[in-house]
Every structure is written in structure tokens, then in C-alpha cells.
Amino acid sequence: MAFHGSVAVVTGGASGIGLAMSRRLVELGAKVIVADINQEAGEVAAASLGAEFFLVDVSDLASVQALVDETAQQHGRIDYLFNNAGIAIVGSVRDTPVNDWYRVFDINVRGVVHGIDAAYPLFIKQGFGHIVNTASIAGLIPCPGLVAYSASKHAVVGISTGLRAEAAKHGIKVSVVCPGFVRTPILDNASVNGRSLDSAKKKIPWAEPDEVAREVLRGVARNKPVIVVTRHGKVLTQLHRLAPAAMRWATSRLR
Ligand SMILES: NC(=O)c1ccc[n+]([C@@H]2O[C@H](COP(=O)([O-])OP(=O)(O)OC[C@H]3O[C@@H](n4cnc5c(N)ncnc54)[C@H](O)[C@@H]3O)[C@@H](O)[C@H]2O)c1
């Protein structure tokens with residue numbers, strides 16, 4: 001019911017979690033705008049879902065502003081903004097070039113900031129709107145071997161929980177999504193420094209994007225502040241909450 005007849009913008013909607021959320025939103029009766037930097041995949045995805053496609057680079061504020069302005073103009077409002085586009089950077093800090101730090105912050109952090117900067121004034125004017133930022137369990141727990149990515153996702157969690165408290169007085173909701181490992185092409189497109197992921201990929205307990213999307217949207221409909229999804233994601237974040245020293249010890253032994 002929460003999504004029926006709503007207007008939802010999903011960045012990174014051409015692939016993986018964004019594509020699965022777009023599909024589920026269409027099933028639930030939303031008008032969906034799949035927004036992505038990958039034009040070909042985005043157009044194919046949107047056509048197959050019965051959604052619209054908008055070419056966007058979330059690292060560019062003007063591009064995100066155009067997405068928000070044109071969507072609002074065409075549909076009269078935006079109900080949901082899913083700031084979901086993101087990339088991964090893998091490797092120890094020793095092996096991570098500074099340009100990879102900049103790239104992951106440009107997309108994962110500035111991408112979210114741009115979505116907020118573009119849509120928040122509109123949402124304040126409307127008196128409603130729900131911002132849903134995709135972080136990761138890497139934004140909640142220590143992640144050796146993923147420090148740059150994890151830092152970007154900690155920033156997204158901090159932005160989201162703080163903004164939620166500020167935005168409530170305007171009638172605006174803010175949620176942050178923290179998935180564990182989800183079977184998407186994210187690692188195929190990642191910068192991987194100083195190691196190979198072949199054996200790790202086989203050991204990862206991947207969750208499926210469609211089931212993740214269902215759980216995320218149930219959390220959004222309930223206006224949950226932090227939506228932790230995947231079974232292993234829940235176990236790890238609980239462990240970190242209840243026994244942070246043990247978690248630090250365990251993760252310090254990972255390579
Ligand atoms: N897959 C996982 O295990 C996992 C776990 C936790 C969090 N996440 C997060 O979920 C989100 C989606 O990741 P995914 O796994 O579906 O990855 P994915 O690679 O399948 O999809 C990411 C999408 O974002 C798009 N994108 C990348 N840069 C962009 C830019 N500058 N502007 C617009 N679009 C851009 C890509 O073209 C792609 O369609 C990311 O924020 C990611 O960090 C993923």
C-alpha cells in the first residue's frame with residue numbers, strides 16, 4: 001500500500017540491488033525512474049520493467065539536480081528517492097591508491113549528498129518524501145580489506161541517521177539500508193588492489209537481490225531508520241553491537 005501510485009527514483013537502478021528494488025516497486029504499483037550512468041543497461045532494464053530511464057552520474061550535482069527537477073516536473077512530485085548507486089574498492093589500505101579513495105567517496109558519499117542536496121528542498125516544499133540511502137553492513141562494522149569502501153558507507157550511515165532526526169519536523173523520512181553480501185556484479189566492476197577475489201567469491205554467503213529488495217521495501221514501508229538485510233549481515237552487526245572487542249579481535253585476523 002505504501003508504494004502504490006507513488007513516484008520513486010532509484011539511482012543505480014540498472015543493476016543488482018537497484019534493479020531488484022525497481023522491479024519490486026513496479027510490482028507494488030509505483031511509477032519508477034531507473035537512474036543510472038550505464039545508459040544501455042538502464043534503458044534495457046527500464047523497458048523490461050515498464051519503468052522510465054534517466055541518464056545520471058551521481059558524482060555530478062548538476063546531473064542529479066536535472067534528474068530530480070525533470071522527474072518532479074513531469075510527475076508533479078517525488079515520493080521516494082533511493083540513493084543507491086555505488087561502487088566497491090577492495091584491498092588493504094597499504095595497496096589502495098589515493099585516487100581509489102577519491103573515486104569511492106565521489107560516488108558513494110558525494111552521490112548520496114548530491115541526491116539529498118537536489119531533493120531535500122523539494123521534499124520540504126512538498127511536506128513529504130522519503131530518502132532511502134544504500135550503505136552496507138560495512139558502514140556498521142570494521143572491515144579490514146575494505147577500509148575505503150567501509151569508510152564511505154560509515155559516512156552514509158552517519159548522514160542518514162543525522163538527517164533523519166533533522167528532517168522529521170518537515171514531514172520527511174530518512175532510512176539507511178545496510179545489506180550484507182548480495183549476488184550482484186559489484187565485485188566484477190570493483191577496483192581490486194593487491195589481491196585476487198576468486199577464492200573469496202566462492203566462500204561468500206551471497207543473498208539474492210530479489211529477496212533483499214523485498215526485505216528492504218518492507219523496512220521502508222515501516223519507516224525503519226536502519227534496515228539491516230541478509231542473515232549474515234544481521235548476525236555480524238548484532239555481534240559487533242553486543243561484543244565489539246570480540247568482533248575487533250576476529251576481524252583483525254581476517255586478510
Ligand atoms: N552487492 C553487495 O554485496 C552490496 C552489499 C552492501 C551494499 N551494497 C551497496 O548496494 C548498492 C548497489 O550495489 P550493487 O551490489 O547492486 O552493485 P551493481 O554494480 O550491481 O549496481 C550498481 C549500479 O550503480 C551504477 N552506478 C555506478 N556509478 C554510478 C554513477 N556515478 N552514477 C550513477 N550510477 C552509477 C552502476 O552502473 C550500476 O548499475 C551500492 O551502493 C553498494 O555499495 C552492495
For residue 7, which of the numbered conditions (1) hydrophobic (A, V, I, L, M, F, W, C); (2) within 22 Å of residue 118 (Cα to Cα); (3) buried (at least 24 other Cβ atoms within 10 Å of the Cβ) fails to hold?
(3)
Of the criteria (1) surrounded by 15 or more Cβ atoms within 10 Å (Cβ to Cβ); (2) closer than 14 Å to residue 8 by Cα, which one residue 50 fails
(1)
When you look at residue 106, is it outside any loop (DSSP other than H, G, I, E, B), surrounded by fewer than 21 Cβ atoms within 10 Å (Cβ to Cβ), within 12 Å of the ligand (Cβ to nearest atom) and in contact (Cβ under 8 Å) with a residue 40 or more places away in the chain, yes or no?
yes
Residues of region 161-194 being more than 21 Å from residue 17 (Cα to Cα) and in contact with a Ser or Thr (Cβ under 8 Å, 6 or more places away or on another chain), in sequence order, are 164, 193, 194
Output yes when any residue across region 190-205 is surrounded by 19 or more Cβ atoms within 10 Å (Cβ to Cβ), assigned to a strand (DSSP E or B) and within 15 Å of the ligand (Cβ to nearest atom), and no when none is.
no
Here's a check for you: in region 49-100, which residue that is under 17 Å from the mean Cα position of the chain (by Cα) and part of a strand (DSSP E or B) is farthest from residue 28 (Cα to Cα)?
89
Listed residues 26, 64; which is at pLDDT 95 or above, of a type in the set (Val, Ile, Thr) and closer than 18 Å to residue 118 by Cα?
64
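The values are calculated or read from the model by the stated rules, or taken from the named source; none is laboratory data. These figures come from a predicted structure and were not determined experimentally. Heads up, the Cβs are rebuilt from the backbone with ideal geometry, glycines too, and the neighbour counts pull from every protein chain shown.
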